[in-house]
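The values are calculated or read from the model by the stated rules, or taken from the named source; none is laboratory data. Note that this is a predicted model, so its numbers are computed, not measured. Note: ideal-geometry Cβ built from the backbone for every residue, glycine included; neighbour counts use all protein chains shown.
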């Protein structure tokens, strides 16, 4: 059976087994997004999510999804569930639900088999084709500003709206913002400092500097923490793209960067300090480098509703240490 035929059969089956219920208060709900609008007629009972971290919104609001994507980065114990998600599941007294393996893209068959009433994907790289296929299974909430461009606030707003919990989503944002303000207030060294987030550097080839643009959620999280985005990164950011790159021969363009955040360890730090080009960066020469590992702490630098609290104090402290070193 072809994939399209399979999904059509699943959709027909769900129509037969799903009882008709009157619309709950506040429904139907219509959500605008990159591909148009999605209308959800009734309060969803079975919530599935795809792509990175969308499951954290229903979990934060006390809803356990019937399935979500297996963690493919920073998963120390290999169980597919990051520690802040495991902690929240334990708080809710729930085991981990079905985990969708997205190593080769969205597992449409597994999503369909979970029989969702709604599919949340506000933070994702969903294509139009992905959206159309998923929409044959259940109403879908995709991104509103392009692939992987959804910030953590918008992730909460969109996904909470799809659950009919817009007010609860707004309250969750307020709580997270208050916690960020509390933690950053204890680190005045961050004031008036600039920071950029460089993608995974290859210690064997430092001829190209790849970085997350002004559109990326990691970069915007640095702004949440009180750091300024350097003019050089703003100028090099292209609309609709979450990353960019320049030749290391233009390294002097980043002279306005006080703190450099990237993934790597001591070996990488040694190489960028020794390299005749990267060593000229103010952040490198001044010691303002924060290295993140392929572990939960490194993963949490991509802010999500549950990971922010988990990583906040450690991350801000490390950034503040780098800011003081770079002075």
*If you go through region 254-270 one residue at a time, how many are surrounded by 18 or more Cβ atoms within 10 Å (Cβ to Cβ) and more than 21 Å from the chain's Cα centre (by Cα)?*
5
*Selection from region 271-300 of residues that are buried (at least 21 other Cβ atoms within 10 Å of the Cβ), in contact with a strand residue (DSSP E or B) (Cβ under 8 Å, 6 or more places away or on another chain) and assigned to a loop (DSSP other than H, G, I, E, B)*: 281, 288
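Between 209, 176, which is under 19 Å from the mean Cα position of the chain (by Cα) and either assigned to a helix (DSSP H, G or I) or farther than 26 Å from residue 296 by Cβ (or both)? Give the derivation first.
On the way: 209 fails: under 19 Å from the mean Cα position of the chain (by Cα).
One residue alone meets the criteria, 176.
Give region 216-231 a look and list any residue that's touching a residue at least 24 places away in the same chain (Cβ under 8 Å) and in contact with a strand residue (DSSP E or B) (Cβ under 8 Å, 6 or more places away or on another chain), or say none.
Residues of region 216-231 that are touching a residue at least 24 places away in the same chain (Cβ under 8 Å), as a first pass: 216-218, 220-222, 224-231.
The answer is 216, 218, 222, 227, 228, 229, 230.
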*Identify all residues within region 154-172 that are closer than 14 Å to residue 122 by Cα and surrounded by 19 or more Cβ atoms within 10 Å (Cβ to Cβ); write none if there are none.*
155, 156, 157, 158, 159, 160, 161, 162, 163, 169
*Pull up region 14-39, narrow it to residues that are part of a loop (DSSP other than H, G, I, E, B) and either closer than 17 Å to residue 165 by Cβ or under 22 Å from the mean Cα position of the chain (by Cα) (or both), then point me to the one that is modelled with the lowest pLDDT.*
23
_Residue count for region 250-270, restricted to those that are under 13 Å from residue 197 (Cβ atoms) and assigned to a helix (DSSP H, G or I)_ = 1
*Can you find a residue in region 133-140 that is outside any helix (DSSP H, G or I) and under 18 Å from residue 52 (Cα atoms)?*
yes
_Under 9 Å between Cβ atoms, which residue pairs at least 6 apart in sequence (or on different chains) link something in region 308-327 that is outside any helix (DSSP H, G or I) with a partner that is surrounded by fewer than 20 Cβ atoms within 10 Å (Cβ to Cβ)?_
327/189; 327/286
*Count of region 99-126 residues which are over 27 Å from residue 218 (Cβ atoms), surrounded by fewer than 24 Cβ atoms within 10 Å (Cβ to Cβ) and out of contact with any helix residue (DSSP H, G or I) (no Cβ under 7 Å at 6 or more places or on another chain)*: 4
*Number of the exception - residue 150 against (1) outside the structural domain of residue 238 (by TED's automatic domain parsing); (2) surrounded by fewer than 23 Cβ atoms within 10 Å (Cβ to Cβ); (3) out of contact with any strand residue (DSSP E or B) (no Cβ under 8 Å at 6 or more places or on another chain)*: (2)
